[in-house]
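Peer 1: Okay, here's the structure, questions in a sec.
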Amino acid sequence: MTKTQKQNIDNLVRYTLLTIWLLIVLFPLFWIVATSFKPDKDWLAWPPVYWSEEPTMSNYSNVWGGAMEHTETQYAQSIQKPFTALRNSTIISFISTFLSVSFGAFIAYGVSRYKVLSETRMFQLLMLRMVPPIVLVGPLSLYYTTIGLIDSLTGLIAIYFITTLPYAVWMTKSFIDEVPIELEQAAEIMGANRWTIITEVVFPVIRSGLLATFLFILILTWSEYLVAFILSKTDAVTLPVELAKYEGSSEGRVYGRQAALSVGITIPLIIVGITIRKHLARGFSFGMIRK
Amino acid sequence: MARSEIMLQRTKRYKKMVLFPLILSIMLILGPALILQLYLSFNYYSIYSEGWWASEWYALDIFKDVVADERFHAAIIRSLGFALASTIGCFVIGFGLALLMYKNFRLQWFYYIIFIIPMLTVPIVIAYTAEMILYQKGPLNGILSSIMGRDMLIMWITNPDIALFTVVLMEIWNWAPFSFIIMMAGLASLPKEPVEAAQILGASRIKIFFEIQLPLLRPIIVLALVLRFLEAMAEFPKTWAIFQGGPGTSTETIPVLIYLNTWYYFDWSKAAAMSYIVMLMMVVIILTAINILQKENKRIAQVQAN
């Protein structure tokens, strides 16, 4: 066998295997989109309907426009408030992520330059993320009820701030570590104080890193289900929790509407994620992997 | 005062300032919840009580009850098994894909973008979509039937022997990209010289992989496994949304069991005692994991520095 033949076989095997996984990845995504355009009768048909012969926009108009037409399946309409959920998700994830990244970045600067947290303390900080939230949400919901934070945006923002802080500190620290210290020394000689050095020298240098950290944590917060599910009732419901409400008492899930809402929830995240794809490994590994 | 002393004082002030919001929010939010959890595990609270403050002192009875509960033991074993199986599954697929892809080729960017999409998808969306796909008369069985040429009617959701495996499959679909991106980064950062040297000496690809690349990648592999395992221990949305612990108790992992005890059986005290035990168990696991990570982190930094 010549070298080119060997390479051709290599390539054939590679593309076959990669394409098989590609199809496995794409099929469920295709199925969400396809279902969102299906009329009720095609949702659970056998043999399965892959693409409806009469595609319809009614799922979208029903979910996002509150339309009342086309609804032989109008159950549970009144409790669904997708726009409230959209507003809540946006407010909660943006504010908690902003707080987490800003405070995280200052802590990270302190750790990187002055060791305000020892290495062991830094690893202990990971606990805030690694202990499964289920062990605390029960008592937390009782406590929130007692102090009036249950079903409030503030309550959710506070808990998301705490649980995403380890990511924020570790990820921004990995960027700050890469800033040459000479830059800060130069600024110091010119008379800049610490606040100016951080906000006008260090942060601008790592601004793309800060943005990546922000977007990365935004993805995590936006998709979080358990905590939001337990700490919200009606007023602070987020999109993932809202999705569970498209369920009838007798007819089961309202798949078409769910799919239409799912598409709306997921597409922004996929776009954001693909934009910061070079930083995803750094984010998920708490900045331990830097390339 | 000497200049170094001034610097030291400033550093101390900075430390207090930046750590203050963290410590404050832990004390205000997590602290009371932890105390309440401990309180509930010693005082019996039910929804018929006037409030949690009006519960009855049970001493260690609740803990004894939980420790003897076989359903709780089963949930712990199930969770560990689930986390282990899905971690290995994610790793094998993720690493496999990374090995096929880390050398530049024409459509690399395209495959990379598609392959990371599952981990960007909201888990609860995955759950509801999977439910549609996995019905006995759903598209997955439809496709399998046409591939196999006979009716495949696997009960992915309703067969108690398969259900937990189905959750593992969903978890792998969702999180194989995690291992994939980490291992891609790991493979990309490997030094080229040792591999080239071995090639010149005539070593086979398999030998190069096992004797050069794998040892160099070890710290990164450990990282990918440890982080995935810890996250899998906490998995809730996919398990809950489709199965609620069923059929029977076949998908009752730790998070599901605690949820059921709190919000279905309203047995808050039992759930609190369970949570406490699970928390202690997880802290031990996490401290071990952190210990491993702390050691490997130095090696990762070395590999990356090349």
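The values are calculated or read from the model by the stated rules, or taken from the named source; none is laboratory data. Not measured: the values here are computed from a predicted model. FYI the Cβ positions are ideal-geometry reconstructions off the backbone, even for glycines, and counts take in every protein chain you see.
Peer 1: Quickly run through the stretch A:128-166 and pick out the residues that are of a type in the set (Phe, Trp, Tyr) and more than 7 Å from chain B (Cβ to nearest Cβ).
Peer 2: Within the stretch A:128-166, A:TYR144, A:TYR160 meet the criteria.
Peer 1: Then there is this: Of all residues in the stretch B:28-58, count the ones that are away from chain A (no Cβ under 11 Å), part of a helix (DSSP H, G or I) and surrounded by fewer than 17 Cβ atoms within 10 Å (Cβ to Cβ).
Peer 2: Going through the stretch B:28-58 one residue at a time, the tally reaches 1.
Peer 1: With the checklist (1) more than 19 Å from the chain's Cα centre (by Cα); (2) at pLDDT 85 or above in hand, flag the one item B:CYS90 doesn't pass.
Peer 2: Looking at each condition in turn, B:CYS90 falls short on (1).
Peer 1: A follow-up question, please. Of the residues that sit in the stretch B:261-282 and are under 23 Å from A:LEU128 (Cα atoms) and more than 8 Å from chain A (Cβ to nearest Cβ), which one is surrounded by the most Cβ atoms within 10 Å (Cβ to Cβ)?
Peer 2: So the residue we want is B:MET274.
Peer 1: Could you count how many residues in the stretch A:195-214 are crowded, with 19+ Cβ neighbours inside 10 Å and assigned to a helix (DSSP H, G or I)?
Peer 2: Count: 9.
Peer 1: Is the stretch A:94-113 home to any residue that is at pLDDT below 90 and either among the aliphatic types (A, V, I, L, M) or at negative phi (or both)?
Peer 2: Yes, the stretch A:94-113 contains a residue that is at pLDDT below 90 and either among the aliphatic types (A, V, I, L, M) or at negative phi (or both).
Peer 1: Here's something else I'd like to know. Can you find a residue that is under 25 Å from the mean Cα position of the chain (by Cα), at the interface with another protein chain (Cβ under 8 Å from one of its Cβ atoms) and β-branched (Val, Ile, Thr) anywhere in the stretch B:175-193?
Peer 2: Looking through the stretch B:175-193, at least one residue is under 25 Å from the mean Cα position of the chain (by Cα), at the interface with another protein chain (Cβ under 8 Å from one of its Cβ atoms) and β-branched (Val, Ile, Thr).
Peer 1: Further question: Considering only residues of the stretch B:211-255 that are part of a helix (DSSP H, G or I) and of a type in the set (Asp, Glu), which is nearest to the chain's Cα centre (by Cα)?
Peer 2: Filtering first and then ranking leaves B:GLU231.
Peer 1: Sticking with this one: Look at the stretch A:239-260 and say how many of its residues are at pLDDT 90 or above, closer than 18 Å to B:ILE117 by Cα and either more than 7 Å from chain B (Cβ to nearest Cβ) or over 16 Å from the mean Cα position of the chain (by Cα) (or both).
Peer 2: Qualifying residue count for the region: 0.
Peer 1: Do you know which of the residues in the stretch A:202-227 that are within 10 Å of chain B (Cβ to nearest Cβ) and of a type outside the set (Asp, Glu) is nearest to A:TYR144 (Cα to Cα)?
Peer 2: Ranking the candidates gives A:VAL227 first.
Peer 1: OK, next. Specify the residue that is surrounded by the most Cβ atoms within 10 Å (Cβ to Cβ); the eligible residues are those in the stretch A:132-187 that are small (Gly, Ala, Ser) and not in a loop (DSSP other than H, G, I, E, B).
Peer 2: Across the stretch A:132-187, the extreme among qualifying residues is A:ALA168.
Peer 1: Hey, another quick one. Pick from B:ILE285, B:ILE290, B:ILE258: which is assigned to a helix (DSSP H, G or I), within 16 Å of the chain's Cα centre (by Cα) and within 7 Å of chain A (Cβ to nearest Cβ)?
Peer 2: Only one candidate passes the filter, namely B:ILE290.
Peer 1: From the list A:LEU215, A:LEU231, A:LEU153, which residue is within 27 Å of A:ARG282 (Cα to Cα) and either in contact with a Leu (Cβ under 7 Å, 6 or more places away or on another chain) or of a type outside the set (Lys, Arg) (or both)?
Peer 2: The unique qualifying residue is A:LEU215.
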